[in-house]
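Heads up, the thing below is written out as structure tokens.
The values are calculated or read from the model by the stated rules, or taken from the named source; none is laboratory data. As the structure is a prediction and not an experimental result, all values here were calculated from the model. We place every Cβ from the backbone using ideal geometry, glycine too, and count neighbours over all the protein chains shown. Ligands, DNA and RNA are excluded from the accessible area calculation, which covers all protein heavy atoms including side chains. Shrake-Rupley method; radii C 1.70, N 1.55, O 1.52, S 1.80 Å.
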Amino acid sequence: AQTVTQSQPEMSVQEAETVTLSCTYDTSENNYYLFWYKQPPSRQMILVIRQEAYKQQNATENRFSVNFQKAAKSFSLKISDSQLGDTAMYFCAFKGDSGGSNYKLTFGKGTLLTVNP
Amino acid sequence: KAGVTQTPRYLIKTRGQQVTLSCSPISGHRSVSWYQQTPGQGLQFLFEYFSETQRNKGNFPGRFSGRQFSNSRSEMNVSTLELGDSALYLCASSTTGANVLTFGAGSRLTVL
């Protein structure tokens, strides 16, 4: 079974600075998808960024980028120029491409990020 | 384009009662999934529906059930509520073959 681990329960950063959230996962599959979702106090789970495992290039979405290390099974999220609106719980998630894991997301426990003014 | 709509947003029930939660997916999305979110267990997969058929089910007791209608709207039902069923229930929809789920704002269930 796949597992996703986020080792930082809480983090804080000053506005305009850069912060990196860590995520590791365990799987025996060769192809899969990785995601970062953000859940602000409003509870709406919002997709931040996604990465296909077969793509070597790291995904980027504006101020958000990932460092995907397939061999190390590591998938960290970097937030540049942090904004107050980035304050939220961030979840790393895994979705397989075949077999028994391609129909659901497996989530980590989350990292609560607070951006301070 | 309207997002995923979940109703009700908040509800309070007592032990032994049952509850029905509703989810309207994004127009054109035929797959609907449900997740339970609790502080202790985190986010756990409940079930997935596609074309009115339950394709997959997570490791939850039979008290948890659901269905999907021909318009892709989905409902989930929890019978004989227990205190441990208190949670945020999230619904997500996706297009056929897509790997990205779009979530609703959730239904917060409190069982007293």
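Key figures for this structure:
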item: Heavy-atom surface of the protein assembly as shown, accessible at 1.4 Å and reported per residue (Å²); result: 47
item: Cα-only Debye scattering, the protein assembly as shown: base-10 log of I(q)/I(0) at q = 0.09, 0.10 Å⁻¹; result: -0.37, -0.46
item: Relative contact order (%) - criterion: Cα under 8 Å, at least six apart; region: the range A:1-40; result: 49
item: Estimated distance in nm for a label pair at B:Ser22 and B:Phe69, the labels positioned 7 Å out from Cα along Cα-to-Cβ; result: 0.7
item: Sequence-separation-based contact order of the range B:19-111, relative, with Cα cut under 8 Å and 6+ spacing, percent; result: 32
item: Distance histogram for chain B (every C-alpha pair counted, 10 angstrom bins, percent rounded to whole numbers); result: 16, 51, 28, 5
item: B:Leu11-A:Glu52 pseudo-label distance in nm [points 7 Å out on the Cα-to-Cβ vector]; result: 4.0
item: Within 10 Å of each Cβ in A:37-43, the average number of Cβ atoms from other chains; result: 3
item: Surrounding net charge for A:Arg43, when Lys and Arg each add one and Asp and Glu each subtract one, Cβ distance under 15 Å; result: +3
item: Local net charge near B:Leu46, Cβ-Cβ under 14 Å (Lys/Arg +1, Asp/Glu -1); result: +2
item: Virtual spin-label span in nm between B:Thr80 and A:Gln14, 7 Å along Cα→Cβ; result: 5.8
item: Cα-based shape type of chain A, given that a ≥ b ≥ c are square roots of the gyration tensor eigenvalues and the cut on a/c is 1.5; result: prolate
item: Chain A: relative contact order in percent, alpha carbon pairs under 8 Å with at least 6 residues between; result: 37
item: Residues of type lysines that A:Lys78 reaches as a straight line, Cα spacing below 16 Å, ignoring anything fewer than 8 places off in the same chain; result: A:Lys38
item: Between A and B, accessible area buried - total, square angstrom, nearest 100, 1.4 angstrom probe; result: 1700
item: Residue-wise HN-Hα coupling along the range A:103-115, computed from phi with Karplus coefficients 6.51, -1.76, 1.60 (Hz; x: Gly, Pro); result: 10, 9, 9, 9, 9, x, 7, x, 10, 7, 9, 10, 9
